Amino acid sequence: MRAVTVLGGGIVGLTLARELRRRGLEVELLDSRSVGTGATGAATGILTPPQHTRTPFYQLRTRAWQMWPEYAAALSAESGIDVGYLRCGAIDIRERTIRNPQRELRKLRDSGGRVEVLTRDQIRQLLPDLARSPEAGLRVEMEARIDPLATIEALRRSCHGAGVNIRENLGPIRIEPIGAGGITLVATGSIQLSQPSEQRSVILAAGWESVSAALAVAPSPLPLEPVPGEAITLDLAAPAHLVHFNLLREGFRDPSGNRSIYSWIPAPGGASWLGNSVASGHSVASGDRVASGDRVERTVGDRSSAAVEPTTEGREELVEVARSIFGEDVESRITGHRAGIRPKATRHGGPLLGRWPGRPQLWVATGHYRAGLLIGPATATMVVDSMLDGSPIPEEFQLPG
Ligand SMILES: Cc1cc2nc3c(=O)[nH]c(=O)nc-3n(C[C@H](O)[C@H](O)[C@H](O)COP(=O)(O)OP(=O)(O)OC[C@H]3O[C@@H](n4cnc5c(N)ncnc54)[C@H](O)[C@@H]3O)c2cc1C
């Protein structure tokens, strides 16, 4: 193999392209829109290390967490762009922490940093703008944030500077099977693409849209579920720490305990972001509409290349959440709103990484769900090691045959 075509220019595709080029391969990155217009451009940039290392996924997350300071510095040096890495720590005032802070503290025993229980007065001092007055909370040292858009731009420049051929706005590209084990790339219109061969592999890294790109290649569809998420920008001064909290909304079922968790995030430039962990009521099965209300309509089979638009419903949710912690007048402080679809692997274990069963020229790297910014660089190293040196990828991450 001398060359690789990467499909998709989110955090995953760009980190792969950079890594492959650094190892001396000829790399082409193709994006149906422009890079960073998928989930990565909507993300809020939180980097959270895991609480233990008992599974390959948590080991990957630990490695990723450890990589980031150096990775951020390298990217900034290569591109001249500060990616906004800030180990700001977090204040956790989720319901379960308020109820039993000692239990939550014990879970973070091996986090590698300080964790301390906060009293009501300490929280009031640290977060004077809060309309709530929680009885207890935790301050956790080991959490960080990056600026996702700056990271995308830094990766783009770094790739470009190293000689990656980035081609954007190509419309959706599909992978079709040929013969017993071959593949071909198909674009719309008269766009010419370098075709896979023994010398050129393809990595499918198109986030949630990887499903539609490879619909024709068995085993299909990819075990991936779209999980929409939205975030707003507020012109409220950035908090010194990330702040995690809940809002249990009326008539809102929350069996996972995840859907009511929100974060207030210090945004680069001094403003702040507020985002949901999982958008309310949306966890859409493959084949269903991702859309509802004024949400952009897309289905698995729909090859439309429109970017995901923020929704009225999403804004209402986030306004209600913002009111619950900043008071009634906060709506006028909203200066931005964005949305994306997280690619969630529907089988246990973590992201989908590795060679496509029965198609030796095709590799996949998707399913990063809520942690793509954290683990993107680490998954790129894992996949490239496997492509070039045959290093094994944990079975948990591989595509089911
Ligand atoms: C609101 C929100 C907040 C989030 N917050 C965080 C966070 O704080 N921390 C964290 O770690 N993660 C977070 N995430 C999750 C994170 O954004 C994702 O895990 C990650 O961005 C996935 O990256 P990706 O490169 O796989 O996909 P994407 O970023 O979606 O990129 C896919 C790219 O592929 C392109 N494409 C699509 N189809 C094709 C095709 N057929 N051919 C070629 N190109 C194609 C698209 O145009 C796009 O550029 C958040 C997500 C959302 C929505």
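The numbers here are math on the coordinates, done by the rules we state, and not lab data. It should be emphasised that the depicted structure is a prediction, and the values quoted were computed from it without experimental measurement. We place every Cβ from the backbone using ideal geometry, glycine too, and count neighbours over all the protein chains shown.
A few points about this structure:
- q = 0.08, 0.11, 0.14 Å⁻¹, the chain: log10 I(q)/I(0) [Debye, one scatterer per Cα]: -0.41, -0.79, -1.26
- Considering only Cα atoms, the convex hull volume of region 91-157 works out to 122 Å³ per residue.
- Considering only the chain, percent of DSSP beta bridges that pair antiparallel, nearest 5: 70
- Charged side chains reduced to their Cβ positions (Lys and Arg at +1, Asp and Glu at -1) give region 69-225 a dipole of some 480 debye around its Cα centre.
- Each of C159, L247, G270 was placed along the dipole of the chain (beta-carbon charges, centred on the mean Cα), and the one lying farthest toward the positive end is C159.
- Residue by residue, region 354-364 carries 3J(HN,Hα) couplings of x, 6, 6, x, x, 10, x, 7, 10, 10, 9 Hz when phi is fed to the Karplus relation 6.51 cos²θ - 1.76 cosθ + 1.60 (θ = phi - 60°); x denotes Gly or Pro.
- Using Cβ point charges alone (K and R +1, D and E -1), the dipole size of region 119-198 about the Cα centre works out to roughly 120 debye.
- On Cα atoms only, tilt of 56-79 relative to the major axis of the chain in degrees: 80
- Computed from Cα atoms, the angle from the helix 11-22 axis to the main principal axis of the chain rounds to 50 degrees.
- Vicinal HN-Hα couplings computed from phi for region 34-44 (Karplus, 6.51 cos²θ - 1.76 cosθ + 1.60; Hz; Gly/Pro x): 9, 4, x, 9, x, 4, 4, x, 9, 6, 9
- Span from the region 324-401 Cα centroid across to the region 58-111 one, whole angstrom: 17
- Calculated diffusion of region 1-134, Stokes-Einstein form, Kirkwood radius summed over Cα pairs, 37 °C and 0.692 mPa s, µm²/s: 180
- Largest GNM mean-square fluctuation across V384, V164, V321, computed for the chain with C-alpha springs under 10 Å, falls on V384.
- Using only side-chain charges placed at the Cβ, +1 for Lys and Arg and -1 for Asp and Glu, the dipole size of the chain relative to its Cα centre rounds to 840 debye.
- Placed amide H near V227: partners under 5 Å, 5+ positions off or other chain: R342, K344
- Among I93, T44, S79 - extreme Cα towards positive end, dipole of region 40-105, charges at beta-carbon: I93
- Look at the dipole of the chain built from charges on Cβ: of V383, I341, I232, the Cα furthest out on the positive end belongs to V383.
- Here the chain is scanned for GluC sites (Glu not before Pro) in DSSP loops (not H, G, I, E, B) that have at most 15 other Cβ atoms within 10 Å, and the longest stretch holding none of them is 1-134.
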